[in-house]
Amino acid sequence: MNFSKAVVAILSLTGWFIAIARAEPVQAEPPGDPPWARVAEDDRAITIETDKLEAVIPKRNPKQWMTGIEKVSFLDKTTGFREIGDGLMVVDWLMEPGSDEAWSDKVIAPDGHGVGRYTWHTNETDPARRSYALMAHGGSHRKRMVEGPQLCHRMKPVQPEVIRGKDFIAVRTTYEFEYAAPGRKAGSRWTQLIVFPKGERFFVLMDKIDSVNDSAEMFLRNDTPGCVRHEKGDTFSEIYLSYLSGPRGVRITSSEFFTPFPPDLKFGYRRDTHKTPEHFIRAYHLRDKKTGKDGPWLAGLTLEPAVVYEAWCSQRPGGIIVMIEEVHGKPVKTGESFSAAHIVGYFDTIEEMHQVYNRHKGHTALSADKSGWRLVR
């Protein structure tokens with residue numbers, strides 16, 4: 001071998017050893033999106049697209065509310081229908097029964113920077129405001145805020161965590177309440193975990209509270225699955241509530257919602273006045289505005305019926321049906337936690353909702369990491 005060839009051989013061998021030495025400590029790239037799903041993220045929101053669904057989770061500047069699934073972003077690829085309200089699984093305050101009248105001057109927060117005062121008819125002197133308060137909250141079960149702000153209205157920008165798995169995509173959002181009623185502390189932590197499983201037309205969701213306060217009857221208020229925007233039933237044909245009128249539930253025609261009525265007049269549920277149902281399902285039957293043809297049901301399944309403290313399905317002025325649900329409503333001590341787990345999505349029949357419910361019933365929590373997701377009792 002001549003000198004030049006020897007040099008080339010030595011340099012080639014040296015380069016090979018260097019390449020091996022460099023290759024060993026290099027860490028594998030984090031796994032990307034699975035082939036059946038796609039995640040797109042920018043400064044404003046996270047967009048999830050699976051083989052069956054599309055959904056947007058806002059981080060800032062939402063189209064309507066900051067929590068849950070963004071307004072009209074929830075798409076059923078099977079039928080082409082979308083959510084028709086103001087978003088899904090929207091979260092409000094930490095609350096308890098009772099009056100805030102004794103400290104009302106300390107909680108009024110017109111700019112949102114405070115815990116806020118609960119809208120109640122006896123607080124109002126203007127007849128129009130009093131009428132609205134009765135329609136919005138009724139007159140039979142007064143409540144007050146423990147911590148605020150109302151998250152859907154006033155939550156500051158967040159940075160949710162995206163978790164990718166082989167057969168799911170999950171998004172976890174956390175936020176600490178910033179304001180407290182007099183005599184209470186601020187800082188309870190809200191966690192919302194949303195899991196989109198492969199091949200399903202629904203997502204699984206948990207809302208969890210880690211409390212920094214004591215309360216004899218603390219609850220978290222949300223919209224399950226969400227409100228309904230309509231004009232004389234143009235976007236839906238009927239509503240289904242599994243927990244009224246016996247074990248089969250009740251189907252309510254859209255015409256029942258043409259005229260506003262308060263939440264304590266009809267279609268309401270309270271744990272202290274109603275028997276705990278076998279299943280807790282709330283759903284509306286979507287309707288094509290142009291053709292009038294029925295589409296799928298959009299349903300919210302609260303997987304442990306006993307966690308529901310109060311729920312109502314009432315028509316407010318302005319063409320909106322609110323489907324508020326309050327969870328827990330039991331004694332809480334500082335340092336304790338409570339949670340509720342739900343399934344929300346599209347179903348072709350009521351029977352299908354109950355079949356899915358039976359497979360997942362009894363769970364109140366949800367966890368997820370890159371190895372998998374699981375419901376927890």
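Brief remarks follow.
- Residue pairs meeting the criteria (Cβ under 8 Å; at least 6 apart or on separate chains; first under 14 Å from Phe202 (Cβ atoms), in the range 69-89; second of a type in the set (Val, Ile, Thr) and open to solvent by 10 Å² or more (accessible area, probe 1.4 Å)): Ile69/Val56; Glu83/Val72
- Per the listing Phe267, Phe261, the residue uniquely at negative phi and either in contact (Cβ under 8 Å) with a residue 24 or more places away in the chain or basic (Lys, Arg) (or both) is Phe261.
- Identity of the residue in the range 168-179, open to solvent by 30 Å² or more (accessible area, probe 1.4 Å) and assigned to a strand (DSSP E or B), that ends up farthest from Ile48 (Cα to Cα): Tyr179
- Ile57 vs. criteria surrounded by 17 or more Cβ atoms within 10 Å (Cβ to Cβ), at pLDDT 95 or above and out of contact with any Phe, Trp or Tyr (no Cβ under 6 Å at 6 or more places or on another chain): yes
- Residues in the range 330-353 that are part of a loop (DSSP other than H, G, I, E, B) and of a type in the set (D, E, K, R): Lys333, Glu336, Asp348.
- Only one of the numbered conditions (1) touching a helix residue (DSSP H, G or I) at 6+ places or on another chain (Cβ under 8 Å); (2) modelled with pLDDT of 90 or more; (3) open to solvent by less than 10 Å² (accessible area, probe 1.4 Å) is violated by Tyr118, and that is (2).
- Search result, residues across the range 216-243 that are among the small types (Gly, Ala, Ser), open to solvent by less than 10 Å² (accessible area, probe 1.4 Å) and in contact (Cβ under 8 Å) with a residue 60 or more places away in the chain: Gly226, Ser242
- Among residues of the range 124-153, those that are modelled with pLDDT of 90 or more and open to solvent by 10 Å² or more (accessible area, probe 1.4 Å), counted: 16
- The listed residue being β-branched (Val, Ile, Thr), within 27 Å of Pro247 (Cβ to Cβ) and assigned to a strand (DSSP E or B), out of Val327, Val356: Val327
- Annotation: of all residues in the range 74-111 being surrounded by 21 or more Cβ atoms within 10 Å (Cβ to Cβ), on the phi < 0 side of the Ramachandran plot and in a loop (DSSP other than H, G, I, E, B), the one that is farthest from the chain's Cα centre (by Cα) is Asp100.
- Of the residues making up the range 306-321, those that are touching a residue at least 12 places away in the same chain (Cβ under 8 Å) and either surrounded by fewer than 20 Cβ atoms within 10 Å (Cβ to Cβ) or hydroxyl-bearing (Ser, Thr, Tyr) (or both) are Ala306, Tyr309, Ser314, Arg316, Pro317, Gly319, Ile320.
- Of all residues in the range 325-357, those satisfying the criterion of being of a type in the set (S, T, N, Q) and touching a residue at least 12 places away in the same chain (Cβ under 8 Å) are Thr334, Ser337, Ser339, Thr349.
- Test: Gly249 is out of contact with any helix residue (DSSP H, G or I) (no Cβ under 7 Å at 6 or more places or on another chain), closer than 28 Å to Asp348 by Cα, touching a residue at least 60 places away in the same chain (Cβ under 8 Å) and open to solvent by 30 Å² or more (accessible area, probe 1.4 Å): no
- Residues in the range 60-72 that are buried (at least 20 other Cβ atoms within 10 Å of the Cβ) and in contact with a strand residue (DSSP E or B) (Cβ under 6 Å, 6 or more places away or on another chain): Met66, Thr67, Gly68, Ile69, Glu70.
The values are calculated or read from the model by the stated rules, or taken from the named source; none is laboratory data. Everything numeric here is computed off the predicted structure, so don't read it as measured data. Using ideal geometry, Cβ is built from the backbone for each residue, glycine included, and neighbour counts are taken over all protein chains shown. Just so you know, the surface numbers come from the protein's heavy atoms only, side chains and all, with ligands and any DNA or RNA stripped out. Shrake-Rupley method; radii C 1.70, N 1.55, O 1.52, S 1.80 Å.
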